Amino acid sequence: MSPRVGLDQQTIIQTAIRLADEHGLSGVTLAAVAKACDVRTPSLYNHIRGLEALRTELSVLGMQALYRQMSQAAEDLHQDEAIHAVSRAYLAFARAQPGLYEASLEAPRMDHPELLAISRRLVDFMCNLMTPYALDEDASLHAVRGLRSLLHGFTSLEQQGGFKLPLDLDVTLTRLIDTFLAGIYKMQG
């Protein structure tokens, strides 16, 4: 069976991203992608290895996009300003591309070098943000885990409609990060 004209791997991936952003990662099925591409499901196999491979590709793309957005936000900033900028960028990414954000949360598989590499790049980037705080290696990793947990928890609550009070969420995020930073300073000494 020859590949359908106009259908390629990039079209399938972009369709999957759109479906993930509209319906969540669980909405990315081969049947849904095929329907959105106006092909039969078996036609997808001319371009992708299956649903797991497609979702892994979304994870890689999500982590790459998150890394790009956060690293651009931190450019030329230092210490607290960089942490605030990265936090805002993280939330902006999740707001703009909720499905791709969800895909970026996948734990890296040991058998996928590209996923491992971008995951390591993200961790290294976050650890480098902690360098000015003069934390030891373990404390730095704990701080990175803490910041990621804060940002993911905030993002998840917002995406699920968990913030109903009429307060500016960006102000809440700023105060939350200020509190986190106060804890970092306490870890120093």
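What the table below lists for this structure:
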quantity: Matching residues, segment 157-189, being surrounded by 14 or more Cβ atoms within 10 Å (Cβ to Cβ) and touching a Gly at 6+ places or on another chain (Cβ under 9 Å); calculated: PHE180, ILE184
quantity: Within segment 103-121, considering residues that are over 24 Å from GLU22 (Cβ atoms), under 15 Å from the mean Cα position of the chain (by Cα) and modelled with pLDDT under 90, the one surrounded by the fewest Cβ atoms within 10 Å (Cβ to Cβ); calculated: ALA107
quantity: Which listed residue, of ALA20, ALA73, ALA65, ALA16, is touching a Gly at 6+ places or on another chain (Cβ under 6 Å) and either in contact (Cβ under 8 Å) with a residue 24 or more places away in the chain or in the same structural domain as PRO113 (by TED's automatic domain parsing) (or both); calculated: ALA20
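The values are calculated or read from the model by the stated rules, or taken from the named source; none is laboratory data. Remember, predicted model here, so these are calculated numbers, not experimental data. Don't worry about glycine lacking a Cβ; one is built from the backbone with ideal geometry, like all the others, and counts go over all protein chains shown.
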